[in-house]
Each structure stands twice: as structure tokens, then as C-alpha cells.
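Structure record follows, encoded as C-alpha cells.
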Amino acid sequence: MELIAGGSWRYVFRAPLRSVLAARWYAQYPKLDDIAAEDIAAVRRFREKFTRDSIPHKKFTTTFHRSGGAGGQNVNKVSTKVYMRFALAEQSWIPAYVQQRMRDIDSSRINSRGEYLVVSEKTRTQRQNIEDCLDKLWQHIDRASTLPRGPSAETTQRVEKLRKAEKARNMETKKRHSQRKAGRRRGFED
């Protein structure tokens with residue numbers, strides 16, 4: 001229900017949260033057939049060369065803030081929390097497919113200006129938190145650049161075997177059911 005002008009109420013349909021979450025979950029798992037061949041080739045080339053050290057973090061905007069949690073007076077004096085941000089669309093070193101996957105998987109990390117945000121306050125030093133941010137970013141990019149795999153030959157054979165067994169079991173059940181009903185009909189003809 002929603003209050004509208006004039007003080008009356010109207011019913012507004014909203015999709016249930018489960019369907020929204022399910023749609024988001026399915027969006028995370030594309031099929032290899034749905035991806036363009038040039039995107040697959042670009043991602044494979046990218047993954048061959050991509051390492052944690054190849055991230056051009058000097059181009060990113062890094063800001064420091066006061067960290068929360070334990071640490072005594074040091075927490076109130078030193079800004080060790082690291083915010084590392086960069087405009088995702090402007091990063092030419094990340095293939096377009098990987099950028100789109102990062103938007104799909106980590107949409108909560110992208111702010112209204114289109115900047116991808118990585119935060120760390122794990123340690124009590126700025127340098128270690130910067131390294132932690134780079135580790136997190138490397139993991140996110142690595143996860144987004146992983147191409148979906150199709151089923152293996154053994155899995156395909158196992159599924160086919162199970163499908164045939166199920167079909168045979170269903171046919172046997174139908175035959176038994178048919179015979180039972182036929183037996184009932186014979187009793188009425190006498």
C-alpha cells in the first residue's frame with residue numbers, strides 16, 4: 001500500500017525479494033554459449049598476462065580515513081583505513097566482458113559516479129592496507145574474468161545414463177499401472 005495525493009491509499013505491486021535475488025544469482029552465471037567469441041579470446045589473453053603486480057594502482061585515487069575498532073589511542077591519531085577507487089569504464093586494461101561481469105557481480109562496490117571502490121582497514125598501517133586493497137581487487141578481477149566451464153565428458157555420460165534409467169523406470173511404472181487398471185476392467189465384464 002502506498003499513500004498518494006489526496007490522502008488515499010493504492011496498492012503497488014513490487015516483485016518479491018526472492019525473485020530479485022534469484023534473478024541476480026542467475027545473472028552471475030552466464031553460459032559459455034552466450035559469450036561472443038571475441039570476448040572469450042580477449043579474456044583468455046587477459047588472464048594469461050594478468051597478475052597482481054600488473055594492476056596499475058598508481059592511476060587509482062587513494063584516500064585515507066580513520067579506522068574503527070580496537071587500537072587504543074592510535075586509532076584516533078592515525079588515518080590507516082584505505083579507500084581505493086577508480087572509474088571502471090575508463091580502465092582500458094580490463095576487457096569489456098570483465099568490466100561487465102564486475103558490474104554484475106559487485107554492483108554494491110560501484111558508486112553513483114561509476115567508480116569501483118575497494119576498502120581495507122584490516123591492519124594498523126597504511127601500506128599494509130594498500131596491499132590488502134590490491135589483493136582484494138586482484139581477487140575480484142580474477143573472479144570476474146573466470147569463464148564458465150561446460151560439463152565434462154564424464155558428467156555428460158552420467159547424466160545421460162541417469163536420464164535413460166529414469167525413462168525406463170517411468171515406462172515400467174506406467175506398464176504396471178496399466179496392467180492394474182486392465183485387471184479391474186476384466187472383473188466388470190463377467
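The values are calculated or read from the model by the stated rules, or taken from the named source; none is laboratory data. This structure is a prediction, so every number in the text was calculated from the model and none was measured. All Cβ positions, glycine included, derive from the backbone under ideal geometry; neighbour counts span all protein chains shown. We work out accessible area using only protein heavy atoms, side chains counted, and drop any ligands, DNA or RNA first. Shrake-Rupley method; radii C 1.70, N 1.55, O 1.52, S 1.80 Å.
State all residues of the stretch 69-104 that are open to solvent by less than 50 Å² (accessible area, probe 1.4 Å) and either in a loop (DSSP other than H, G, I, E, B) or under 17 Å from Asp39 (Cα atoms) (or both); if no residue qualifies, say none.
Gly71, Ser79, Thr80, Gln91, Ile94, Pro95, Tyr97, Val98, Gln99, Arg101, Met102
Going residue by residue through the stretch 105-118, is there one that turns out to be part of a helix (DSSP H, G or I), under 18 Å from Phe60 (Cα atoms) and open to solvent by 20 Å² or more (accessible area, probe 1.4 Å)?
Initial filter on the stretch 105-118 (part of a helix (DSSP H, G or I)): 105, 107-109.
In the following step, the residues that additionally are under 18 Å from Phe60 (Cα atoms) were identified as 109.
If we keep only those that are open to solvent by 20 Å² or more (accessible area, probe 1.4 Å) as well, we get 109.
Taking every residue of the stretch 105-118 in turn, at least one turns out to be part of a helix (DSSP H, G or I), under 18 Å from Phe60 (Cα atoms) and open to solvent by 20 Å² or more (accessible area, probe 1.4 Å).
Could you give every pair whose Cβ atoms fall below 8 Å, whose first residue belongs to the stretch 34-51 and is in a helix (DSSP H, G or I), and whose second residue is small (Gly, Ala, Ser) and open to solvent by 40 Å² or more (accessible area, probe 1.4 Å), counting only separations of at least 6 or pairs across chains?
Asp39/Ala96; Ala42/Ala96
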